[in-house]
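Heads up: the structure comes next, in structure tokens.
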Number of protein chains: 2
Amino acid sequence: MLTNSRLVHQSHDHERCINAALLCANDLCAEKNARMTTTRESVLRLLWQSYRPLGAYQLQDQLAEMLGKPIAPPTVYRAIEFLLQLGLIHRIHSLNAYIGCPFPNSEHSNLFMICTQCGSAAEVAHNTVNNVLQSTCDKLNFTLQSQSIELFGLCPRCSDNTEVSNHD
Amino acid sequence: MLTNSRLVHQSHDHERCINAALLCANDLCAEKNARMTTTRESVLRLLWQSYRPLGAYQLQDQLAEMLGKPIAPPTVYRAIEFLLQLGLIHRIHSLNAYIGCPFPNSEHSNLFMICTQCGSAAEVAHNTVNNVLQSTCDKLNFTLQSQSIELFGLCPRCSDNTEVSNHD
DNA sequence: TTATTATTGTTATATTATAACGTATTATGC
DNA sequence: GCATAATACGTTATAATATAACAATAATAA
Ligand SMILES: [Zn+2]
Ligand SMILES: [Zn+2]
Ligand SMILES: [Zn+2]
Ligand SMILES: [Zn+2]
């Protein structure tokens, strides 16, 4: 099982994670002859900075502030499109929002655990889950191509807080 | 495993399915003191008629034609909201579309198999899948509340056609 | 009937996403 | 370097999806 669950929910030096992600993204671009421009890197940084998925128009605001100039929607969507193509970010359909992928190098079919309290999203790639899904598809003669799995509930931190607040 | 996969992909007397679904919906409403109005029943019928999920504005068009009068978006969204609440329909997030639930009576956590070729969507409730997901959540201290699982690929029928067309 | 609640009609608008086209920047071949 | 092509960005307008707010109507209850 591959997951960033602990990193999402426990405090740590996240600047290091962000920098590592950006370096890794630059490598990937070099490898694929794609250009990591200022706009694209800024969007990727913003998505990594946030522990919760960001919508396109949240990104627009934050990007405008970061770059010190007005940014129009197409600019944001182009950056999103580019990063999605490279597998550097994922789209969370139920939220119309985007989030950085913690393991863009490994081919993986993933799922997200999204906290309904604090909005955090952790990514999980689990072979057991994927195998069960694959065999279910096989059974029904469905040729699986890709998946979008979004689980909603309470993250470890919010689960604990809820228990505590029940004592009020 | 509970699924309407075969009904979705094999020809059969679908009018019977629709009528059964509407009867069942009426029963559910009676039971919960909810009102099954003309608008709501029409939307449910339209969603059942279609083997593929319908968007709100597709529903608006078809509903206007069915009822012979102009229908505004809020009317459609209210009917959708009502039917979602009762568990008579589901939302497919990745498509911004809606589809009738084939087994609204049974408490179930479901997934959808969505054909990227013909657009059909089959619903599957599978304990093995749900158990694996639940235990994955347990492992990561995530308190699961609900899920949105959307699998994309080729339905049985389109899988066969693809094989055939490969011989061209 | 009258009061109360639930539903629908209507208008306006919010939110998310894309089309179209021109300009600027970056890479490539000479 | 310079011409050329390819790529990325700026700008404006608009499409597609969804909701807010309030008035009118219909169903239920008293
Ligand atoms: Zn990922
Ligand atoms: Zn949380
Ligand atoms: Zn269902
Ligand atoms: Zn198909």
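The values are calculated or read from the model by the stated rules, or taken from the named source; none is laboratory data. Here the structure is a predicted model, which means the values were calculated and not measured. Quick reminder, even Gly has a Cβ in these numbers, built from the backbone with ideal geometry, and neighbours come from all protein chains shown. With ligands, DNA and RNA removed, areas are computed over all heavy atoms of the protein, side chains included. Shrake-Rupley method; radii C 1.70, N 1.55, O 1.52, S 1.80 Å.
Only one of these conditions is not met by residue B:123: (1) of a type outside the set (Lys, Arg); (2) assigned to a helix (DSSP H, G or I); (3) farther than 27 Å from residue A:155 by Cα. Which number is it?
For residue B:123, the failing item is (2).
Pairs, please: C-beta under 6 Å, at least 6 apart or cross-chain, first residue farther than 15 Å from residue A:111 by Cα and in segment A:1-19, second part of a loop (DSSP other than H, G, I, E, B) and hydrophobic (A, V, I, L, M, F, W, C)?
A:9/A:155
Do we find a residue being more than 7 Å from chain A (Cβ to nearest Cβ), farther than 21 Å from residue A:109 by Cα and not hydrophobic (A, V, I, L, M, F, W, C) anywhere in segment B:119-142?
yes
Looking at A:19, A:26, which is the one that is more than 14 Å from chain B (Cβ to nearest Cβ), of a type in the set (S, T, N, Q), closer than 23 Å to residue A:61 by Cα and part of a helix (DSSP H, G or I)?
The match here is A:19.
Which is more than 14 Å from residue B:88 (Cβ to Cβ) and of a type outside the set (Val, Ile, Thr), of B:42, B:50?
B:50
Is one or more of the residues making up segment B:126-137 closer than 30 Å to residue A:129 by Cβ, open to solvent by less than 20 Å² (accessible area, probe 1.4 Å), of a type outside the set (A, V, I, L, M, F, W, C) and within 16 Å of DNA strand D (Cβ to nearest atom)?
no
Of all residues in segment B:85-105, count the ones that are open to solvent by 30 Å² or more (accessible area, probe 1.4 Å), assigned to a strand (DSSP E or B) and more than 18 Å from residue B:7 (Cβ to Cβ).
1
In the set B:34, B:25, which member is of a type in the set (Gly, Ala, Ser), open to solvent by less than 40 Å² (accessible area, probe 1.4 Å), within 16 Å of DNA strand C (Cβ to nearest atom) and touching a residue at least 60 places away in the same chain (Cβ under 8 Å)?
B:25
Output yes when any residue across segment B:67-80 is of a type in the set (A, V, I, L, M), more than 27 Å from residue B:10 (Cα to Cα), assigned to a loop (DSSP other than H, G, I, E, B) and within 16 Å of ligand 3 (Cβ to nearest atom), and no when none is.
No, there is no match, as no residue in segment B:67-80 is of a type in the set (A, V, I, L, M), more than 27 Å from residue B:10 (Cα to Cα), assigned to a loop (DSSP other than H, G, I, E, B) and within 16 Å of ligand 3 (Cβ to nearest atom).
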